[in-house]
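The values are calculated or read from the model by the stated rules, or taken from the named source; none is laboratory data. These figures come from a predicted structure and were not determined experimentally. All Cβ positions, even for glycine, are placed from backbone atoms using ideal geometry, and neighbour counts span all protein chains on display.
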Amino acid sequence: MSKLDSKIPEGPIDQKWTKYRSTIPLVNPANKRSLEVLVVGSGLAGASAAATLAEMGYKVKVFCFQDSPRRAHSIAAQGGINAAKNYQNDGDSTYRLFYDTIKGGDYRAREGNVHRLAEVSANIIDQCVAQGVPLAREYGGLLSNRSFGGTQVQRTFYAAGQTGQQLLLGAYSALQRQVGMGAVELCSRHEMLDVVTIDGKARGIIARNLITGEMEKHFGHAVLLCTGGYGNVFYLSTNAMGSNVTAAWKAHKKGAFFGNPCYTQIHPTCIPVSGDHQSKLTLMSESLRNDGRIWVPKKKDDTRKPTDIPEEERDYYLERRYPAFGNLVPRDVASRAAKERCDAGYGVGASKKAVYLDFAFNTARYGRTEAAKQNIHNPSQEVIMKLGKEVVKEKYGNLFDMYQQITGENPYEVPMRIYPAVHYTMGGLWVDYNLMTTVPGLYALGEANFSDHGANRLGASALMQGLADGYFVIPYTIGVYLSTEVSRMSAEKDKADSIDKVKTKHPEFDKALKEQTDLINKFLNIKGTKSVESFHKRLGLIMWDKCGMARNRQGLTEAISEIQALRKEFWSDVRVLGSADEFNPDLEKAGRVADFIELGELMCKDALNREESCGGHFREEHQTEEGEAKRDDENFAYVAAWEYKGESNFELHKEELKYENIKIAQRSYK
Amino acid sequence: MGSGHGTELNLTLKVWRQKNSKAAGKFETHQLTGISTDMSFLEMFDVLNEKLIHEGKEAIAFDHDCREGICGMCSMYINGRPHGPKQGVTTCQLHMRSFKNGDTIVVEPWRSAAFPVIKDLAVDRGAFDRIIASGGYISVNTGNAKDANNILIPKTDADEAFAAAACIGCGACVAACKNGSAMLFVSAKVSQLALLPQGQVERKERVLKMVAAMDEEGFGNCTNTGACEAECPKGISLENIARMNRELTAASFK
């Protein structure tokens, strides 16, 4: 087995990044102009990286499959972004954010990366506010904060229930500024289909123009994959319909190791499935758990309306099981607790696969405060609820509207019905401290990499990580590699066939282009009987049943053979209509589903290998008597980095996780 | 299932089909049966597309992504209204319970000279990106920011800026306007930044550049019909247009 070098700098944890940052080789302005960087994906990580690298003087190209970079799925993040500002004077610090993230990740993340994340978190808020991002404010004009799961301080900055939208539009405007100045070339409605490697280094990509179907070759001295997560492997998830693993998976097949693929985040508060027609699931932000209390009836199969069930007959099971954190336990813990109640027969709604998220208690509390503010003495219950609803509306109005649109029920009057759903993937391409994958010159940022969240991500930390990687990490760390490119370029200055002169005329580009063109034609020529969509649905069912919230050896073993059979069937019986040289969404999807099928198999293999429970990965064989996740630090305190060795063949490499600053312990939120 | 009271609908769909931007388009009629009222409008399209593929016919191309009303990608003109009959929702958030059994539903792409049709119901809204690139930003390079709480912003100003910033760039305002004007979209960005202290330095230059870019893209003029505000799924206010006009006047006569 090869040894993975994470390249964590030496020295005390709180000095690693500052010291390292000031020793990274620089690239002078003239050389930056001749270095080309390809950025794939335009979400928080991609847009912020592209804008910043262009500001620094690099030549940047950005690719996104959507019609505009502003539509990347970061736009849908609701609740907020964490930063260790301690504006609330409640004892927050860089160390606490670092500690909470490591603990929240169930001791399966790298200390060095996470500390760096906590350090730059404060700069992110500064940068966004400077860009004109309208984060929520208090009456004194200062920024407002709210609480999120897994923490006991208020460090989450937000913009109503649309924080991701506002942060992404900030990054997008910075990106468009560079586009307007000619420093970034924007290729929207383009999908990356392969990484081109030459002598082991990433040298560019093959992309398909989704409008014309034209296959294009693009050269870059470095390639940044900012392509998000792979939650859609489950078919139903809170991800956007187009979110996919193709870029990351193709990179994996070109030599980039895939880290911890089985670490999946199942978010506890989503709108439940309503029928077979369901195409996606919608999240109800974790911020709702600030003011909502989660409960089920104490009686099994209770068919009374929630509002008719008296207080003493309700089981506020999170408050009961976890008195210290209550409704604000981390996502993995809250999801499993909901599943446990529903499996035991206490679920609500027609499907019995839901629990209540109830705002009545806090609405009344807000109402009483408002009444006091307005000098209304002895207000009636009706007045209290009316005033309270106005406060709730201001905080979560868009989420409540969304809930009503989807379910047809009014959450101001009756409790929401919620159930866990796939939301985020902590796993992703393995990267070192510089965010470089195992392919030199190929980077992965944001959700596309595996590095900062361990086995469970805390709420409001995805936005933080995407922007940290893009604004404050890659602009420095990319210099480590690009400075070596500068030396190489200077050495090869007079060489007629140097890559800087040949660029996309290099035969490796033509080879990759042909492979991808052949693949597209292959989809079109199968002319089978079943739609792409039907295969995606079947894959999703296998994954959800056997590699979802709870996993076991038998189920995973079955899933692997079922997925292999599904793959065979896909390649012999899929029906993709239309042609290659036009706008053809079904053809795009065929490629994505083909890659999801292969990834699904690796996820099951990784889950099977990890004989312990940690964070979002719950192996039924490994639990405590109270049903909590039981880690095995002796044997599994490592990152599983998988190398692609051909069809259904993956080799495991281990990166040992060392905890030098935080004492590894059983995670407790009781 | 769901709220537990879903029923089923039989519908006639008249959908615009157009091979590409150069080809002529036409309506195609499809019958759908057993559509659950719990479905979203786009899930109804998924059902239709599955049916078409099963019959060996090409699926209808339409834009969609997040399906939760925030990415701004979906863009259907339904029974003569952008995003359909319900106020304040995008096509993806429109549910079939808003329709009746036996309804005929006519679906077209956004119609505007500045938004050419790519195929069927998908259009090219690249003009919006170019308008933002002309000045819809604050020029602050990464690393140049001061502590965020050094800039005090009255809550009412922050809230008003946020209300303008809530625009999702879907283009319904343009599709709704008889002139194909993009004033609501442009004014929302101009307003957001004009309302904030961070936006003051480039305030005049920004509005001039953005309006010039808008005109260059071939959007029509504003004649104050208010159709844009009425059809905006995010409730972007017409007041933004008034504010942009004031900003433009102030910037033009310095």
Filtering the range A:386-427 down to residues that are modelled with pLDDT of 90 or more and over 30 Å from A:GLU340 (Cα atoms) yields A:LYS386, A:LEU387, A:GLY388, A:LYS389, A:GLU390, A:VAL391, A:LYS393
Is it fair to say A:GLN66 is out of contact with any helix residue (DSSP H, G or I) (no Cβ under 8 Å at 6 or more places or on another chain) and within 14 Å of chain B (Cβ to nearest Cβ)?
-> yes
Starting from residues that are at the interface with chain B (Cβ under 7 Å from one of its Cβ atoms) and touching a Gly at 6+ places or on another chain (Cβ under 8 Å), keep the ones in the range A:124-150 and report whichever is surrounded by the fewest Cβ atoms within 10 Å (Cβ to Cβ).
-> A:GLY132
Going through the range A:39-63 one residue at a time, which ones are within 11 Å of chain B (Cβ to nearest Cβ) and among the hydroxyl-bearing types (Ser, Thr, Tyr)?
-> A:SER42, A:SER48, A:THR52
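Return a yes/no flag: does the range A:654-670 have any residue that is closer than 23 Å to A:ILE597 by Cα, in contact (Cβ under 8 Å) with a residue 60 or more places away in the chain and assigned to a strand (DSSP E or B).
Let us first name the residues in the range A:654-670 that are closer than 23 Å to A:ILE597 by Cα, namely none.
Checked against the condition, which is being closer than 23 Å to A:ILE597 by Cα, in contact (Cβ under 8 Å) with a residue 60 or more places away in the chain and assigned to a strand (DSSP E or B), the range A:654-670 yields no hits at all.
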Could you tell me which numbered condition B:ARG97 fails, if it satisfies all but one of (1) surrounded by 17 or more Cβ atoms within 10 Å (Cβ to Cβ); (2) away from every other protein chain (no Cβ under 12 Å); (3) over 15 Å from the mean Cα position of the chain (by Cα); (4) of a type outside the set (Ser, Thr, Tyr)?
-> (2)
Every pair of residues 6+ apart whose Cβ atoms lie under 7 Å, when the first sits in the range A:1-15 and is over 11 Å from A:ARG110 (Cβ atoms) and polar (S, T, N, Q) while the second is at pLDDT 95 or above and surrounded by 15 or more Cβ atoms within 10 Å (Cβ to Cβ) = A:SER2/A:HIS653
With respect to B:GLU28, determine if the residue is more than 27 Å from B:PHE219 (Cα to Cα) and in a loop (DSSP other than H, G, I, E, B).
-> no
Looking at (1) under 19 Å from the mean Cα position of the chain (by Cα); (2) touching a residue at least 40 places away in the same chain (Cβ under 8 Å); (3) within 28 Å of A:ASN260 (Cβ to Cβ), find the lone condition where A:ARG70 falls short.
-> (3)
Return a yes/no flag: does the range A:97-109 have any residue that is surrounded by 19 or more Cβ atoms within 10 Å (Cβ to Cβ), among the small types (Gly, Ala, Ser) and within 11 Å of chain B (Cβ to nearest Cβ).
-> no
From the list A:VAL153, A:VAL233, which one is surrounded by fewer than 24 Cβ atoms within 10 Å (Cβ to Cβ) and either touching a Gly at 6+ places or on another chain (Cβ under 8 Å) or assigned by TED's automatic domain parsing to the domain that holds A:TRP544 (or both)?
-> A:VAL153
Residues within the range B:1-35 that are hydroxyl-bearing (Ser, Thr, Tyr), at pLDDT below 95 and in contact with a Ser or Thr (Cβ under 8 Å, 6 or more places away or on another chain), tallied | 2
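Mind counting the residues in the range A:160-181 that are at pLDDT 95 or above, facing chain B (nearest Cβ under 7 Å) and outside any helix (DSSP H, G or I)?
Adding up the residues that qualify gives 0.
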Return the residue satisfying two criteria in turn: it lies in the range A:405-439 and is charged (D, E, K, R) and surrounded by fewer than 23 Cβ atoms within 10 Å (Cβ to Cβ), and of such residues it is nearest to A:LEU657 (Cα to Cα).
-> A:ASP432
Hey, does the range A:199-209 have a residue that's farther than 30 Å from A:THR18 by Cβ and within 9 Å of chain B (Cβ to nearest Cβ)?
-> no
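Filter the range B:53-62 down to the residues that are hydrophobic (A, V, I, L, M, F, W, C) and more than 7 Å from chain A (Cβ to nearest Cβ), then identify the one that is nearest to B:GLU231 (Cα to Cα).
B:PHE62
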Among A:ALA364, A:ALA337, the single one that is under 12 Å from A:ASP291 (Cβ atoms) and at pLDDT 95 or above is A:ALA364
Please tell me if B:GLY88 is part of a loop (DSSP other than H, G, I, E, B), under 15 Å from the mean Cα position of the chain (by Cα) and crowded, with 24+ Cβ neighbours inside 10 Å.
-> no
Okay, helices (runs of 4 or more DSSP H) sitting entirely in the range B:138-254 with 2 or more residues that are more than 24 Å from A:VAL179 (Cα to Cα) and not assigned by TED's automatic domain parsing to the domain that holds B:ARG111, I get B:155-165, B:172-176, B:227-231, B:239-252
Can you spot a residue in the range B:11-23 that is at the interface with chain A (Cβ under 10 Å from one of its Cβ atoms), crowded, with 17+ Cβ neighbours inside 10 Å and touching a residue at least 40 places away in the same chain (Cβ under 8 Å)?
-> no
Close pairs (8 angstrom Cβ cut-off, 6 or more residues apart or separate chains): away from every other protein chain (no Cβ under 14 Å) and within 10 Å of A:HIS267 (Cα to Cα) in the range A:280-291, among the small types (Gly, Ala, Ser) and crowded, with 23+ Cβ neighbours inside 10 Å anywhere | A:GLU286/A:GLY79; A:GLU286/A:GLY149; A:GLU286/A:GLY459; A:GLU286/A:ALA460
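Report whether or not B:LYS146 is within 7 Å of chain A (Cβ to nearest Cβ) and surrounded by fewer than 16 Cβ atoms within 10 Å (Cβ to Cβ).
Yes; evaluated as a whole, the condition is true for this residue.
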Have a look at B:ASP65, B:ASP129 and point out the one that is at the interface with chain A (Cβ under 8 Å from one of its Cβ atoms), of a type in the set (Asp, Glu), crowded, with 24+ Cβ neighbours inside 10 Å and touching a helix residue (DSSP H, G or I) at 6+ places or on another chain (Cβ under 7 Å).
-> B:ASP65
Filtering the range A:307-331 for residues that are in contact (Cβ under 8 Å) with a residue 60 or more places away in the chain and either in contact with a helix residue (DSSP H, G or I) (Cβ under 9 Å, 6 or more places away or on another chain) or not assigned by TED's automatic domain parsing to the domain that holds A:GLU409 (or both) leaves a count of 8
Note: among A:ASP106, A:ASP100, just one is among the charged types (D, E, K, R) and either at pLDDT below 95 or in contact with a Cys (Cβ under 6 Å, 6 or more places away or on another chain) (or both), namely A:ASP106
What's the number of the condition B:GLU50 fails, among (1) out of contact with any Asp or Glu (no Cβ under 8 Å at 6 or more places or on another chain); (2) at the interface with another protein chain (Cβ under 7 Å from one of its Cβ atoms); (3) surrounded by fewer than 19 Cβ atoms within 10 Å (Cβ to Cβ)?
-> (1)
Scanning the range B:68-85 for residues that are surrounded by fewer than 21 Cβ atoms within 10 Å (Cβ to Cβ) and assigned to a loop (DSSP other than H, G, I, E, B), the one farthest from the other protein chains (Cβ to nearest Cβ) turns out to be B:GLY80
